[in-house]
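The next block holds one structure in the form of structure tokens; read it before the comments.
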């Protein structure tokens, strides 16, 4: 993830919250300049926080699903074949059902 200045992100977040309380601050040119200056760092921080939250939610869902039912499928991850795309993304994944029709 790109580097960001945490203080700029905090200042931006504080100003956004302050604008909810005192909407007249939106007309202040200094506030506008500060928001413009700190927005890139705030965006990177917000994306990082959102992705961490999504990861936690995904882990929680996976744990809940494991408790509910045994897997009805299995997946096999193949090694990359040496192409540039597979070196970046990883090998192909194959999904197989665990049940068979007799």
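The values are calculated or read from the model by the stated rules, or taken from the named source; none is laboratory data. Here the structure is a predicted model, which means the values were calculated and not measured. Here the Cβ is made from the backbone with ideal geometry for all residues, glycine too, and neighbour counts use every protein chain on show.
Odds and ends about this structure:
- Matching residues in region 51-70 - criterion: being surrounded by fewer than 10 Cβ atoms within 10 Å (Cβ to Cβ) and modelled with pLDDT under 80: 68, 69, 70
- Screening the candidates 30, 45 for the property of being surrounded by 12 or more Cβ atoms within 10 Å (Cβ to Cβ) and in a helix (DSSP H, G or I) yields one hit, 45.
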